[in-house]
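The values are calculated or read from the model by the stated rules, or taken from the named source; none is laboratory data. Model, not experiment: these values are computed from the prediction. Ideal geometry is used to build each Cβ from the backbone, glycine not excepted, and the neighbour counts take in all protein chains shown. Only protein heavy atoms, including side chains, enter the accessible area calculation; ligands, DNA and RNA are left aside. Shrake-Rupley method; radii C 1.70, N 1.55, O 1.52, S 1.80 Å.
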Amino acid sequence: MIDHPGELSDLLREQGADAARLHDVLAALAGGGWWSTRDLVRETAVAHRLVERVVEALGEEVERETADRAADAGRETRVRLRSPSRYTGFSRPRLADPVGHLLDGHAEAAAELERLVAEAPSSRVDLDHVAASARTALRRGVFLAARFALPGARLLCVGDHDLTSLATTLVGKDTEAVVVDIDERMLAYIDAAAQRLGLPVRCHFADLRLGLPEAVRGQADLVFTDPPYTPEGVELFVRRGLEGLADPRRGRVLVAYGASETTPALVAKTQSRLVRMGLVSEAIWPDFNRYLGAEAIGATSDLYVLRPTSRTPVGDAAGADAARIYSQGANAKEAAAALPEEDARSVLERVAGDSDTGRVDTVVGAWPKGAVPDGVRGVRLSTWLGSPTPGDRVAINLTGGWEALLDRVILAASAREVHVVVPSSAEAVRDREGQEALRARIEPRYTVRFLRGVPGPRATVVVARARELGAEASPGQRLLWHCQDRAHGRLTSTLREGLIAVTAQLGLPLNKKGARTRVAASAPWLPGHTLLDLPGHRFGELRAVTDRLVAEFRD
């Protein structure tokens, strides 16, 4: 029997059979080295709160020092046991790792993933990002390759901050991956990495609360997602994965999900949602994923392998475009109302006052009911972005966490004038660089101006006015305008149709076959995209494509 402090005995007794988790903390300390609580969490996958309780229960058995952090700025307290040999009896054998014995066969992929993860864009708190380790990315790819027949299969990554798409295609060379994400930085990073490494990965922009891009639906064999760890976030991302499966009867949705061991009720809520969706948990591997953060949940999460059944619904969740799925930011459950009624009324009155008709005919998004005049049509964001919707003078509310859609909601319009309310902190309006980037994406179809402080200091109204091109416009501008005017259409089709129209205006008509051949050769990333799901970094490339396609006809 190990003689240890009374408080520690009480803590271990309180944990019962699950005290084995705390034994891992004591075994790590028994090595004799200095440990911060953060490093103990990452080593043992025990929640930060419980690690702190172990250290506190050890009392005078530990000594403390304050030291500089190894990886980032600041200082932290580290501890070590005064008599580590007294605690060596807490060491215990570990459960078998489902893929650990396979990782040595992928040394090249492991080295590449170390570089990719180290250089990836930083995490976004408002999207509940916490970066997974490079080893975790590799483990996911190896697990998929070992468990499923990957050659010829298509993997859909519903969000991919952890680079699972790159890891899987590095491990399974004959596997295609498709990424859908709202984070433009990650889409650009993954696209660039895939191009450099010659990996078959395609990226689409989407706010998953509104649905998957049409070209992605019903195409995948497998789905992987590491969603926001709220019950609402897990359900929504899993639903999107189900929408992406080609054959739900044979497909699988793999989910990384974690919660603190001190909050089992939260796990129960999440799992009950999956059960209500008719999903079978074929397997749950504890602590499969490790993170560079998220110490509150032990810096780890479990891997779920979910199998749909005949009872599993494949379709949108009611009210999904109003879902508050994140734990922080404007779309957390606790977030305040986005646009107060008084401010909403002020915006609509201003839009109406600038109109020759004296009224707004369409409002898009979530507007306070008391602010919208009778007779004005209301349209959901998902409807507006999903298909062409008529409207001449339109007001769109993107406050409350929707500002990433600013350029898309403007391009989706057929209106003469669009007024969009966004937070003044939005990247596209807060400085000159962001404003110029927005102009570059929506011109020449729309011109834009910014009304800062309208309706209040925290908001900006972006006014976009439709533009008709004059005789001085170049053929490339006319072709781009044609695509922007049909933003819901497939780019390969709108480019082909526009190229035929523009060359006819030049007196050099081009037949459908010739246009199709030129468009197909113009850019390998074009197929399957509409302008509304095209990643932001591709907009400049599209402008260059339109110029190249008509270059030979300019003279």
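Of the residues Glu261, Glu232, which single one is modelled with pLDDT under 95 and within 16 Å of the chain's Cα centre (by Cα)?
Glu232
Please verify whether region 158-168 includes one or more residues that are closer than 19 Å to Ala132 by Cα and open to solvent by 40 Å² or more (accessible area, probe 1.4 Å).
Scanning region 158-168 turns up no residue that is closer than 19 Å to Ala132 by Cα and open to solvent by 40 Å² or more (accessible area, probe 1.4 Å).
Anything in region 132-152 that is open to solvent by less than 10 Å² (accessible area, probe 1.4 Å) and in a loop (DSSP other than H, G, I, E, B)? List them, or say none.
Passing the criteria: only Leu150.
So, of the residues in region 161-171 that are out of contact with any Gly (no Cβ under 7 Å at 6 or more places or on another chain) and without any contact (Cβ under 8 Å) to a residue 60 or more places away in the chain, which turns out to be farthest from Glu427 (Cα to Cα)?
Thr169
Taking Arg21 as meeting all but one of (1) in a helix (DSSP H, G or I); (2) exposed (fewer than 12 other Cβ atoms within 10 Å of the Cβ); (3) touching a Ser or Thr at 6+ places or on another chain (Cβ under 8 Å), write down the number of the exception.
Single failed check for Arg21: (2).
Residue by residue through region 466-509, note down the ones that are of a type in the set (A, V, I, L, M) and either free of Cβ contacts under 8 Å to residues at least 40 places away in the same chain or under 19 Å from Trp525 (Cβ atoms) (or both).
Listed by number, the residues that qualify are Leu469, Ala471, Ala473, Leu479, Leu480, Ala487, Leu491, Leu495, Leu499, Ile500, Ala501, Ala504.
Going by what's in this entry, would Ser9 be described as of a type in the set (Ser, Thr, Tyr) and either open to solvent by 40 Å² or more (accessible area, probe 1.4 Å) or within 22 Å of Ala299 (Cβ to Cβ) (or both)?
Judged against the criteria, Ser9 is not a match.
Looking only at residues that are open to solvent by 10 Å² or more (accessible area, probe 1.4 Å) and hydrophobic (A, V, I, L, M, F, W, C) in region 31-49, which one is farthest from the chain's Cα centre (by Cα)?
Trp34
Can you tell me which residues in region 391-401 are over 10 Å from Val364 (Cβ atoms) and either crowded, with 24+ Cβ neighbours inside 10 Å or among the polar types (S, T, N, Q) (or both)?
Thr399 - this is the single residue of region 391-401 that is over 10 Å from Val364 (Cβ atoms) and either crowded, with 24+ Cβ neighbours inside 10 Å or among the polar types (S, T, N, Q) (or both).
If the requirement is being of a type outside the set (Lys, Arg) and touching a helix residue (DSSP H, G or I) at 6+ places or on another chain (Cβ under 6 Å), which of these qualifies: Leu526, Leu508, Leu542, Leu534?
Leu526
Conditions first: (1) over 24 Å from Gly476 (Cβ atoms); (2) open to solvent by 20 Å² or more (accessible area, probe 1.4 Å); (3) touching a residue at least 12 places away in the same chain (Cβ under 8 Å). Ala440 passes all but one, so which condition is the exception?
Condition (1) is where Ala440 drops out.
Can you tell me which residues in region 50-60 are open to solvent by 50 Å² or more (accessible area, probe 1.4 Å) and more than 24 Å from Pro286 (Cα to Cα)?
Of everything in region 50-60, those that are open to solvent by 50 Å² or more (accessible area, probe 1.4 Å) and more than 24 Å from Pro286 (Cα to Cα) turn out to be Glu56, Glu60.
Restricting attention to region 503-526, which residues are β-branched (Val, Ile, Thr) and open to solvent by 60 Å² or more (accessible area, probe 1.4 Å)?
Thr517
Considering each of Thr383, Thr362, Thr447 in turn, give the residue that is loosely packed, with under 15 Cβ neighbours inside 10 Å and more than 27 Å from the chain's Cα centre (by Cα).
Residue meeting the stated conditions: Thr447.
I'd like to know if region 92-107 contains one or more residues that are more than 27 Å from Glu43 (Cβ to Cβ), open to solvent by 20 Å² or more (accessible area, probe 1.4 Å) and in contact (Cβ under 8 Å) with a residue 12 or more places away in the chain.
Within region 92-107, none of the residues are more than 27 Å from Glu43 (Cβ to Cβ), open to solvent by 20 Å² or more (accessible area, probe 1.4 Å) and in contact (Cβ under 8 Å) with a residue 12 or more places away in the chain.
What residue, among those in region 258-302 that are part of a helix (DSSP H, G or I) and of a type in the set (Lys, Arg), is most open to solvent (accessible area, probe 1.4 Å)?
The selected residue is Arg276.
Residue-wise test of (1) modelled with pLDDT of 90 or more; (2) farther than 16 Å from Ser83 by Cβ; (3) of a type in the set (S, T, N, Q).
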site	(1), (2), (3)
Leu12	yes, yes, no
Ala19	yes, yes, no
Leu22	yes, yes, no
Leu26	yes, no, no
Ser36	yes, yes, yes
Leu40	yes, yes, no
Ala47	yes, yes, no
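Please name all residue pairs, on different chains or six or more residues apart, with Cβ atoms under 6 Å, provided the first residue is in region 78-90 and is polar (S, T, N, Q) and the second residue is open to solvent by less than 40 Å² (accessible area, probe 1.4 Å).
So the pair list comes out as Thr88/Ala30.
Here is a check on your reading of the model: is Arg240 assigned to a helix (DSSP H, G or I), buried (at least 23 other Cβ atoms within 10 Å of the Cβ), charged (D, E, K, R) and under 17 Å from the mean Cα position of the chain (by Cα)?
Spelling it out, Arg240 is indeed assigned to a helix (DSSP H, G or I), buried (at least 23 other Cβ atoms within 10 Å of the Cβ), charged (D, E, K, R) and under 17 Å from the mean Cα position of the chain (by Cα).
Across region 180-234, what is the total count of residues that are assigned to a helix (DSSP H, G or I), open to solvent by less than 30 Å² (accessible area, probe 1.4 Å) and touching a residue at least 40 places away in the same chain (Cβ under 8 Å)?
9
Among the residues of region 328-345, count how many are at pLDDT 75 or above and surrounded by fewer than 17 Cβ atoms within 10 Å (Cβ to Cβ).
So the answer is 4.
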